[in-house]
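Heads up: the structure comes next, in structure tokens.
The values are calculated or read from the model by the stated rules, or taken from the named source; none is laboratory data. Only a predicted model underlies this, so the values are computations on that prediction, with no experimental measurement involved. Positions of Cβ are backbone-derived with ideal geometry, glycine not excepted, and every protein chain shown enters the neighbour counts.
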């Protein structure tokens, strides 16, 4: 959460808004205090002018009280210096040598704003008011400016989050689009609606993706070309070996001939797997649209499963493995018959090969919740959980495996699944072996 750009921007904007609100409250307080000082001084000067004009008598005005809290009023009194110290009944003792004019003084612990002047007969009088009135006005003004900001702060944060989320939405959309692409569909990240600050980074990413695509394409072409060039001589050697098998030879020669024939068979199977891998990983013209299953016609997956199981029954019987179909719903999925047949064949073929004699392989196909679920359960040794992701790597095989193979079957199956928008999951089968489960959205009939 702390590494989220949206979270950081929202946090800093909240801090800045709060600091701005506090600064605005402080500025408002001092500005209101200045205005209150001027108003208070005008009040004192006007009161003194009324006294000098004879329109206001000099009488002590006691502080008036209002419900809840005392509020001092204006004090207008003569300054008594008979005792040698200036004194006003409504205020108390004043500092000695108090000058004429406006000033703020503390009398008996209370701050007062005072105006000291003379009557025409030479007597001095004072007009004063406590400063808490002025402070109250300034505080109320500051709160009036600060409270709306504090109250609106959550709304501002929500709006900021919405704006930031809207600004970063093109990045999230591009990330989601890349996540939906298969390994064979490395396309450019759209930079048209990206923010200017992110566009150079997107351009660099696109350049890297293009270089990576070229490298992968060169690798695929090399694998396909090498497999294609080797298939002809391997096929010729296989034909010659089959012809030689029918010729007369000594028992020693025939004993040595068997490993040669098996080696040629394994090499031929490896070449076919390499060609299949290069074919399923080859980019297509519509690769920028993501998984291309939606662009393919629907295929009867149950017919594909029935055909594959029928083809592999002979191999299962030769290995004394009970191969059968426990459920076969009529399900159609988008794709090509070749891709789906390759995927199903690799799954069932692996299960039969790695199931020991006397074991069983159960194949089921059902439609649940608008999805096709293909399961292949075997009673073989299974795959440890920490190795179930590694077995999808090309040429990766588990240590201690006695069966011959190229290590490409599951890699080819995953490439096909990604192309068709499906998903392969490896789990522990109910019988203790391995469960191969393929999930893909079903198509309408």
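Condition check ((1) at pLDDT 90 or above; (2) within 19 Å of residue 359 (Cβ to Cβ)) across all residues:
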site: 286; (1), (2): no, no
site: 291; (1), (2): no, no
site: 304; (1), (2): yes, no
site: 323; (1), (2): yes, yes
site: 326; (1), (2): yes, yes
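Scanning segment 361-371 for residues that are under 25 Å from residue 421 (Cα atoms) and either buried (at least 22 other Cβ atoms within 10 Å of the Cβ) or not assigned by TED's automatic domain parsing to the domain that holds residue 427 (or both) yields 363, 365. Report yes if some residue within segment 394-410 is assigned to a helix (DSSP H, G or I), at pLDDT 90 or above and outside the structural domain of residue 263 (by TED's automatic domain parsing); otherwise report no. Looking for residues that are assigned to a helix (DSSP H, G or I), at pLDDT 90 or above and outside the structural domain of residue 263 (by TED's automatic domain parsing), one finds none in segment 394-410, hence no. For residue 87, the criteria (1) modelled with pLDDT under 75; (2) under 22 Å from residue 134 (Cα atoms) hold in every case but one, which is (2).
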